[in-house]
Each structure stands twice: as C-alpha cells, then as structure tokens.
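The values are calculated or read from the model by the stated rules, or taken from the named source; none is laboratory data. Worth saying up front: this structure is predicted, and the values here are computed from it rather than measured. So basically every Cβ, Gly included, is an ideal-geometry build from the backbone, and we count neighbours across all protein chains shown. Protein only, heavy atoms only, side chains kept; ligands, DNA and RNA dropped before computing areas. Shrake-Rupley method; radii C 1.70, N 1.55, O 1.52, S 1.80 Å.
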Amino acid sequence: MRIRAWYAGAIALAAGMVAATAAVGQDAASTAQEIEKYRQALQDGNPAELWEARGEGLWKKPAGPKNASLEKCDLGLGPGVVKGAYAQLPRYFADVDRVMDLETRLAHCRVTLHGLTPAQATARPFGSPDNRSDNDALVAWVTSESKGATMNVPSAHAKEKEAFALGEKIFYFRGGPYDFSCATCHAADNTRIRLQDLPNLTKQAGAQLAYTTWPAYRVSQGELRTFQWRLNDCFRQQRFPELGFASDASIALTAFLARNANGAEFKAPTIKR
Amino acid sequence: MDSGRRDALKAGGSVSLLTLLAAAGWLKPGEAGAQGAWNKAAFEAKSIPDAYKAFGGAPAQAKEIAFVATPDIAENGAVVPIGVTSSLPKTEQIAILVEKNPNVLAASFDIPAGTEATVTTRVKMGQSSNVYALVKADGKYYVAQKEVKVTLGGCGG
Amino acid sequence: MADPMRIRAAVDAGGVTEVKVLMSHEMETGQRRDAAGALVPAWFIQNVTATHAGKTVLSAQWGPAIAKNPFLSFRFKGAQKGDKVQVTWVDNRGDKRTDEATIA
Amino acid sequence: MHKTLIAAACAAVLAGCAGTGPSGSASDAAVRAKAVETMKTSFKERGIAKLDRLDQDETQSVCSQYSTAAPPKEVAERIEKANMALVKPPSDGKYLGDWKRGEQIAQRGTGFQYSDTRETPVGGNCYACHELSKAEISYGTIGPSLHNFAKIRGYGPDIQKYAWGKVYNAHAYTACSFMPRFGAQGILSEQQLKDVVALLMDPESPVNK
C-alpha cells in the first residue's frame, strides 16, 4: 500500500516534470520568436550607414601631414581596390613581411599615405559618444564594400598558417580570475548567454554566422562596433587585461576566426542588440 | 469602449481643453509642423494621466489603432522599434507614450492630409512598460496600448 | 556641424511614397551622469519636418526618449519618381540640419 | 602503481606533457608556448586587470590543452582532487544565507573587469548561463537549468554541501568545467556564496517554486 502510494506520487511527479519541461520549451520558443521579431523590426534602418558615409569621405579626402588621401592604400587586392578586399583579410603583406588585418593595414596606410605616426594612427581605435573614431568610420565603409563578397581568407603563406595556428591556441587559452577562454562561450552548438545566441566559432557554420555580421551598429551603445571591438570587449568580459589594438594576438585570433568563416557571404555592417 | 468614448467626448467638450492645448502649444491653427512648436507641458508629463491632461483629457480606447513592427520583447531598451497605424477617419496626430519612462511622452506626429496615418520610429525604454499610442482623429482623442518587455542581455557587465 | 541624414524615398505603383530617414544625433536624455558623476545636459532633436514640393508631408515633435541616431519612416501620397523630399530637424540647442533625397 | 606513474607523468603537464590529450604533441606544445608569449606582448594592463592574469595555474593550463574535449580520466581525477582540496566549508558551518540577496548576485554581471574598480559590486552572473527563477526569462544555456534545484535533489544538508562545493569550485566535481571557481578564486565573499546557495536551496526561493 505504501509502496503503491509512493509509485503514484512518483508518477505524478514525473508527469508534472514533463509538463513543466514542455512549458519551459514553449516559453523559450516564444521568447526566441519575439526576440527575432525585434531583430527584424530593426533591419529597416541601420544607422551603420551614417558611419559608412563618413568613412567614405575620410578615405577620399586628403589629410595628414602629407595631405594625401587613402585612395592608394593597398588592402591586399592592389592599391585603391576596396571592393571585396575585406573578405580576404587578414592576409600576408610582402611590403611589411607580416600578416595584417584590416585595422592594422589601415593604420599602416595612414602612416605611409597620410604621414601620421604609428601612435597617431592607432590612437583612437574605438569611438564613444564624446569622441568619434575615424577607424570605426573607415572600417564601416571598407567592410560595406565587401557586402555580398564570399569570405576567402588566404592561407598559402607560412606566416598566414602561423597566424591561424596561434589564433587557435589563443582561442582556447584559459586564464584570469574566472578561468575563461573564448571557448567558454563559443565552442558549443545551440547555447546562449542570457537571451543572446552564442555562435560556435570552432565550426564553419558558427564562424560564418558571426564573422560575416561584424561590424555592427550596436543599439545598446548607439555606436558602430567593429570586429576588433568585439574581440576587445570579449576579453574585457573574460576578465583579461586589454587586448592591444593591431597587436599580434589580435591579428592571429582574427585570422583564425576569419578563415573559419571562409565560403560564406559577407553581410556586414549589420545592426545588433 | 462606448462609455469610454463618451467620457472622452465629455472631456473633449470642456472649455478647459482649448485653454490647456493653447497653453501647451499643442494646437495652433496654421502652425502645424512649423519649426519651434513643441508641446512642453506634454513632454514634461510624468504619468500617462498627466500626459492626457496636457492633451486635454482621457481618450477612448480604439481598436482602429494598431501597433506594427513593435515587438513584445525588446532585446535592448535603448532602441525599441515602435510603429503605429490608425484607421480612424481624419487621423491628424499620433503620439507615442511610454508609461514607465521618466517623461512619458516620447514623440508626437502631425499627419497632414495626403499622408498615411502610420509612422515608425524607435524609442528608449528604461524598463518593461506599457506603450500607448494616442491618436487624435476628427478632433477627438483615442488610444491603444501594448506591453513591451525589456530584457537584460549579453554578458551582463 | 551635424553629419548628413540618410534619406531613402521610393514611390510604389499605388502612388504612395515611403520615406525612411536616419539622423545622426546623440539624443542625450539629460538623465545620464558622466564619469565624474555630473548630469549630462539633455540634447535632443525637438522638431522634424518633411516637405515635398513646398508642402509639409509630416511634422513631428520629439522628446529625449527617441533613440540615439533616430530612425523615422512614414508614407504619403502625391509625389512622383524624381521628385525631391526634404527633411529638416532642429534640436533643443537650436542646431539644425536639412537634407534631401530624390524619390526613386 | 600504474596510477602513480600516470600522475607523475601528468605532473609534467605544465612543462608540456606530451601525449596526454588530442593535441598533446611536442610541436603542438611549441605553438601553445608561442601563443602564450604572443599574448603577453599583445595584452596591456588596464585598471585592475594586470598582466599577471595571463599567468595560468595548473588547472587553467591543463584545461586549455584539451580545448573542448573532456580530459582523459586520470587527468580529470587529478584536477578534481586538487580542486576539491581547495573547497573551504563556511566558517560557521552554515551553508544558507539570504536567497533574496542571492538573486541579486545571480543577476549581477559586474566585477573584475578592467572597466570595473575594486569598489564595483561583484556578481555571480548566474543567469548569464543558467535558468534559475521562472520569473527571469533572460537566462543563458551554457550551464544546465537550475530551476527546482533543491525541489528535485532535496533540501538536506548533503545537497547543501554539494551546492556550496559546486559554487565554490566547480572543477572539484567536473574537471575543466566552464564555470568560474567563485570561492576558490576569491570572486564571491563567503556571505555571497551563502546567499547564492540559499537561492538554490531555500524552499522559499523562486528557484524552487
């Protein structure tokens, strides 16, 4: 008798749990649906365009001590070729014997063409409401010129291979007081942090989804945020020290993630939360 | 709804309405759309009833007012898309109010003849709240509302 | 001076022109504190007017609760492809900006 | 005997123990060493985040090698044992604090970032990865749902102790867990740990409703 009562209770409990689980599934699904509606509603007008327009102006306007424009800057496809260039970065540049990502190359061109010092060219990598960044605007414009291009980051050169290999190790490096690595959040399928889906950057599909949608206008900040900013802010939240702008680790990690996205259509600048 | 509409009519018919509206700079014939007309009293209202007062009384609920492209859940309160469309004849004004914002009125639009009674913009919301679409049609006020939840996102720091 | 707006306007087969406007503006609420703890003064667009052929097709009064880098879309009748739509905003500091777009 | 040998071999893991994992080759260790070196020249100290945060302890170093794969059993057991030794019970023996404060800690995501100061309140940010109370729809799924944590497992002292240990040092139970070691790394104070355990264990907590 007692045993039977226990069974009945257990069955009731189990049934309750199944019902609860189903309800959780439904809640989660409708939340995801509503979030998707929110994202859709934002697609109509993307303030990133304001940055793209300013960046195009900065690219074409003579500036700096040499009073030259950036129109002769070689982003990897030849001097002045912007169309599609971002889809093939980072890459090896023979003139500096080094792998460079877009930001590093832009800084290089601002030194060689504008005549800025390296410190000046990298002084303001990310903008804030009180202090706009020319880098943000230039990156917005250059990346927008790769919209629709297929990601095709080269890996023929030994230094390109090395950057990729180092980037992979940096991705899995656990450290800091919280023991976090990039992989803590970005190496599993179908997970999310709070309500934000976390792309699995170790797989092609996830890397494609993530890499091809940066830069993005972040509505939470009212700023255009570049992929470099995304890396920086991830490390801040990993409780690491600050990732140096245009540093070797930054280039290597970018190379790893960009190449994982090969084959996908580049879609940025986008608009995100 | 009918009794609500009668209330609105009563309120709308009171003498104080015109005085209030004039003081608020809300209605100045011939000045609709002129630069500089800004309804200070309404924009300073701290509650929905106060905002209604600044507009001239409680509006009636109207099914003819709909939210379009307005999500139930916003991933971030800094930018919440709000679209309002009215099928009330002679819609001349659409205002968007957020109940739990420090100042509830976010925007008001004058709709001249020839312009569709539909506008879309983006507002800030400090927290989850009811959002009101206040419409003036043929001289009377109507309203519809919906709840928009604002969620916390990302890594939280 | 403020950055230019991005205005897109297109007329459909039914003769309705849809206008989409992005404006570059901080839309500071006046409630935020800076790093030193001082209130950042409110700074926001108060009035927006759109005109076509000298006629106002939309006018708006905004408060600081409109999101930063504002977006606005609306629809009006009576314009044709190739016509111009002009948009002007004025903020609470008196700064002003007017831009126009050709209807596609 | 056999176990001792493996343990000895893996004590050398820090120095690049070869053959212990899927990526345990000597050349792989060299790339890893180069990556660490590159990071140390690429990162800059900022605010409270100094460069010593890139100095890995043994758990971090070993877990980095296995990327997302679980470490081999022997390595896992060793990490779990070493981390279990770091779990300190509450000084007064009481595991449960105030679940209401625990909920606030679970919601808060700040602390230890270079954008924070030493005065910034430190949170546990539990909701970033776990479902807890049903009222909070914005929760993550990196970790399992903890809704009904004690309702399912029981409210007894053994479960209280387990919850304490998990929050204190997750690696004591699951080697190379993604969860921060909130007690062992000094992220949360003893009182905060109790409050979080109360959030999980208190029958009145929304977690168990």
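May I ask for the angle, rounded to the nearest 10°, between helix D:73-84 and the longest principal axis of chain D, with both axes built from Cα atoms and the value confined to 0 to 90°?
That helix lies at roughly 50 degrees to the long axis.
How well do other chains shield peptide B:67-73, expressed as the mean number of their Cβ atoms within 10 Å of each residue Cβ?
Counting Cβ atoms of other protein chains within 10 Å of each residue's Cβ and averaging gives 6.
If I measure Cβ to Cβ between cysteines in chain A, which ones have no partner under 4.7 Å?
A:CYS182, A:CYS185, A:CYS234
May I ask you to derive the FRET efficiency for A:LEU77 and C:THR98 from their Cβ-Cβ distance with R0 = 35 Å, giving the value to the nearest 0.05?
Rounded to the nearest 0.05, the efficiency is 0.35.
Taking every pair of alpha-carbon atoms in the stretch A:214-263, what share in percent sits in each 10 Å bin, from 0 to the bin with the longest distance?
For the stretch A:214-263, the binned pair fractions read 24, 51, 25, 1 percent.
Would you compute the Debye intensity of chain A from its alpha-carbon atoms alone, equal scatterers and no solvent, and pass along log10 I(q)/I(0) at q = 0.15 Å⁻¹ to two decimals?
Here log10 of I(q) over I(0) equals -1.14.
Against the empirical 2.2 N^0.38 Å scaling, what ratio does the C-alpha Rg of the stretch A:115-266 come to?
In units of the globular-protein estimate, the stretch A:115-266 measures up at 1.04.
How much FRET efficiency would the formula 1/(1 + (r/R0)^6) give for A:SER30 and A:ASP97, where r is the Cβ-Cβ distance and R0 is 56 Å, rounded to 0.05?
0.55
When ranked by the protection proxy of mean other Cβ atoms within 10 Å per residue, highest first, what sequence do the peptides D:42-51, D:169-178, C:45-54 form? Provide the component values of the computation, followed by the final result.
Values: D:42-51: 17.5, D:169-178: 21.6, C:45-54: 19.8.
Result, highest mean Cβ count within 10 Å first: D:169-178, C:45-54, D:42-51.
Evaluate the Kirkwood expression for the hydrodynamic radius of the protein assembly as shown, namely the inverse of the mean inverse distance over all pairs of different C-alpha atoms, and round to one decimal in Å. Write down the numbers at each step before the final one.
Numbers: mean 1/r = 0.0348 Å⁻¹.
Evaluated over the protein assembly as shown, this radius sits at 28.7 Å.
Rounded to two decimals, what is the ratio between the C-alpha radius of gyration of the stretch D:99-208 and 2.2 N^0.38 Å?
Working: Rg = 13.2 Å, N = 110, 2.2 N^0.38 = 13.1 Å.
Ratio of Cα Rg to 2.2 N^0.38 Å: 1.00.
Any idea how far apart B:LYS100 and C:ASP83 come out in nm if each label point goes 7 Å out from Cα toward Cβ?
The modelled label-to-label distance comes out at 4.3 nm.
Can you find, among A:TYR211, A:SER133, A:CYS109, the residue sitting farthest towards the positive end of the charge dipole of chain A, where Lys and Arg contribute +1 and Asp and Glu -1 at Cβ?
Of the candidates, A:TYR211 comes out farthest on the positive side.
If I take R0 = 41 Å and measure r between the Cβ atoms of A:GLN40 and D:ASP57 in this structure, what FRET efficiency does the formula 1/(1 + (r/R0)^6) give, to the nearest 0.05?
That gives a FRET efficiency of 0.35.
Return one whole number: the accessible area per residue of the protein assembly as shown in Å², for a 1.4 Å probe.
Per residue, the protein assembly as shown has 43 Å² of solvent-accessible surface.
Got a sec? Which residues of the stretch D:169-198 lose 40 Å² or more of accessible surface with every protein chain in place, vs. that chain alone, 1.4 Å probe?
Listed by number, the residues meeting the 40 Å² cut-off are D:PHE178, D:PRO180.
Which residues does the label zone of D:GLU204 cover in the stretch D:91-107, counting backbone N under 20 Å from a point 7 Å along Cα→Cβ?
Residues D:94-107 qualify, since their backbone N sits under 20 Å from the label point.
Give the carbon-plus-sulfur fraction of the accessible surface of the protein assembly as shown in %, rounded to a whole number; probe 1.4 Å, heavy atoms of protein chains only.
56
Distance from the Cα centre of the stretch B:75-138 to that of the stretch A:31-46, in angstrom?
Centre-to-centre distance over Cα atoms comes out at 18 Å.
Give me the Kirkwood hydrodynamic radius of chain C, using the inverse of the mean 1/r over all pairs of distinct Cα atoms, in Å to one decimal.
On the way: mean 1/r = 0.0687 Å⁻¹.
Evaluated over chain C, this radius sits at 14.6 Å.
In nm, to one decimal, how far is the D:LYS81 label point from the C:LYS55 one, both placed 7 Å along Cα→Cβ?
For the pair D:LYS81/C:LYS55, the computed spacing is 8.7 nm.
Nearest 100 Å² is fine: what is the total accessible surface buried where chains B and A meet, probe 1.4 Å?
1800
For chains A and D, what's the summed buried accessible area, probe 1.4 Å, to the nearest 100 square angstrom?
What A and D bury together is about 4300 Å².
Return one number: the angle in degrees, 0 to 90 and rounded to the nearest 10, between the long axis of the Cα atoms of helix D:190-201 and the longest principal axis of the Cα atoms of chain D.
70
Over the whole of C:72-83, what's the average partner chain Cβ count within 10 Å per residue? Rounded to a whole number, please.
Neighbouring Cβ atoms belonging to other protein chains average 4 per residue here.
Work out the charge dipole of the stretch A:29-81 with +1 on the Cβ of Lys and Arg and -1 on the Cβ of Asp and Glu about the Cα centre, then indicate which of A:ALA68, A:ALA29, A:LEU42 is farthest towards its positive end.
Checking the options against the dipole of the stretch A:29-81, the answer is A:ALA68.
In terms of the Cα gyration tensor, with a ≥ b ≥ c the square roots of its eigenvalues, is the stretch B:79-136 rounded because a/c is under 1.5, prolate because a/b exceeds b/c, or oblate?
Prolate.
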